[in-house]
Amino acid sequence: MAERQAPLHAQDKLAFLLSLVPFLMEHERIGVQEAAEHFGVPTQQIREAVKLIAVSGIPGETGQYQHGDLFDLAWDDFEENDQIVLTNLVAIDDAPRFSGREAAALIAGLQYLSALPENADRGAIATLMTKLSRGASGVPSQVAVEASESDATLALIRESVATGVQLEFDYLNARGEHERRRVDPLRVESVDADWYLRGWCHLREAVRTFRLDRIGNPQITTEPIAFHPADVLLPDVLFEGSADDLIVTLDVAPAAAPLLADYIPDDAVSTEVDGRLRTAVRVSHYHGLKRLVAGMPGVVTVVDPPEARRAVAEWAAAGAARYEAD
């Protein structure tokens with residue numbers, strides 16, 4: 001005699017129905033046997049659940065059920081062929097959906113995230129992108145994340161994480177010094193168009209931040225990683241100060257001040273001068289101001305000290321001279 005399955009409690013039955021409805025929507029047409037195998041339940045339980053779905057819905061404004069207020073299915077297919085096809089969906093179709101443009105933006109963001117080495121479960125990201133494509137109210141635009149010069153380095157970082165070995169590379173620091181570094185990659189982050197690697201540096205024996213466009217000759221080593229992302233507490237801010245930092249006074253447009261938040265010391269005093277915010281930032285070297293100022297043209301002015309102003313002015317003059325030469 002076949003073993004009878006214990007009846008489901010009301011709470012379990014509700015949870016089962018809430019799982020079954022989106023499953024049926026996703027597959028459009030599916031056999032009772034296949035659905036039963038997916039959920040690991042008897043076929044009769046699937047049939048009873050489908051019949052219950054067919055008498056479920058939301059009443060209209062009158063408080064009474066009208067045509068279209070209930071789920072419906074292709075009864076001939078269900079009774080004669082054991083196939084489940086939902087032909088009318090209640091409330092779910094009326095739920096807000098992403099537009100095609102919104103879905104495309106989210107998909108592009110997920111593509112960006114899938115490139116980061118700490119996101120190991122890329123299968124889940126791919127599944128989510130597929131669901132966004134199908135669930136949007138319109139067809140998402142075809143969007144791809146543009147390749148950059150850092151892609152090859154990113155690929156090596158991902159390989160380093162996947163294989164559990166250290167990464168070695170030449171690094172040009174803000175002072176213009178070249179050093180060979182051996183690093184356990186922990187996280188890759190971006191600020192505007194720049195990519196940064198945060199990892200445990202075995203030369204400095206501490207967490208360090210490396211800009212990917214300053215990394216040269218990266219190589220995968222055979223040495224196992226000593227520090228994994230779960231082993232190291234990374235600070236929330238990308239840039240951390242040190243006792244060797246230099247303090248520079250800047251005038252910045254108030255709207256752009258949040259972009260400098262990581263560089264501003266905790267004890268910095270900010271005042272308003274001629275409609276701009278005068279504040280202090282810390283840099284490892286005056287030459288590091290060049291890229292900072294270039295990335296915020298017209299909204300940042302170096303005020304003090306004179307050495308910092310001179311470094312930026314000479315760099316700008318050298319750039320302008322190259323155009324004159326051409």
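The values are calculated or read from the model by the stated rules, or taken from the named source; none is laboratory data. What you are looking at is a predicted structure, and each value in this text was computed from that prediction instead of being measured. Cβ atoms come from the backbone with ideal geometry, glycine included; neighbour counts cover every protein chain shown. Each accessible area value is taken on the protein alone, full model and side chains, heavy atoms only, with ligands, DNA and RNA left out. Shrake-Rupley method; radii C 1.70, N 1.55, O 1.52, S 1.80 Å.
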Checklist entry - Of all the residues that make up the stretch 49-73, how many are exposed (fewer than 15 other Cβ atoms within 10 Å of the Cβ) and at pLDDT 80 or above? => result 2
Checklist outcome for this item: In the stretch 262-285, anything part of a strand (DSSP E or B) and surrounded by 13 or more Cβ atoms within 10 Å (Cβ to Cβ) is listed as R276, L277, R278, T279, A280, V281, R282, V283
Checklist entry - Does L8 satisfy the criteria of being part of a loop (DSSP other than H, G, I, E, B), surrounded by 13 or more Cβ atoms within 10 Å (Cβ to Cβ) and either modelled with pLDDT of 65 or more or over 29 Å from the mean Cα position of the chain (by Cα) (or both)? => result yes
Checklist entry - Which residues, taken from the stretch 161-192, are assigned to a loop (DSSP other than H, G, I, E, B) and free of Cβ contacts under 8 Å to residues at least 40 places away in the same chain? => result E177
Next on the checklist: Looking at the stretch 29-36, can you tell me whether even one residue there is open to solvent by 100 Å² or more (accessible area, probe 1.4 Å), at pLDDT below 85 and either under 20 Å from F71 (Cβ atoms) or in contact with a His (Cβ under 7 Å, 6 or more places away or on another chain) (or both)?
Outcome noted: no
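Residue by residue, here is whether (1) open to solvent by 60 Å² or more (accessible area, probe 1.4 Å); (2) among the charged types (D, E, K, R); (3) out of contact with any Pro (no Cβ under 6 Å at 6 or more places or on another chain); (4) part of a loop (DSSP other than H, G, I, E, B) holds:
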{"site": "H287", "(1), (2), (3), (4)": "yes, no, yes, no"}
{"site": "K290", "(1), (2), (3), (4)": "no, yes, yes, no"}
{"site": "V293", "(1), (2), (3), (4)": "no, no, yes, no"}
{"site": "G298", "(1), (2), (3), (4)": "yes, no, yes, yes"}
{"site": "V302", "(1), (2), (3), (4)": "no, no, yes, no"}
{"site": "W315", "(1), (2), (3), (4)": "yes, no, yes, no"}
{"site": "G319", "(1), (2), (3), (4)": "no, no, yes, no"}
{"site": "Y323", "(1), (2), (3), (4)": "yes, no, yes, no"}
Checklist outcome for this item: Here the qualifying pairs (Cβ atoms under 6 Å; residues six or more apart or on different chains; first in the stretch 36-50 and of a type in the set (G, A, S); second buried (at least 16 other Cβ atoms within 10 Å of the Cβ)) come out as A36/I46; A49/L20
Checklist entry - Which members of the stretch 244-254 meet the condition of being at pLDDT below 85 and open to solvent by 60 Å² or more (accessible area, probe 1.4 Å)? => result D244
Next on the checklist: So, S19, is that one within 38 Å of the chain's Cα centre (by Cα) and either modelled with pLDDT under 75 or surrounded by 15 or more Cβ atoms within 10 Å (Cβ to Cβ) (or both) or not?
Outcome noted: no
Item to check | Top-ranked residue of the stretch 200-230 - restricted to ones that are part of a helix (DSSP H, G or I) and not basic (K, R), ranked as surrounded by the fewest Cβ atoms within 10 Å (Cβ to Cβ) | outcome: A230
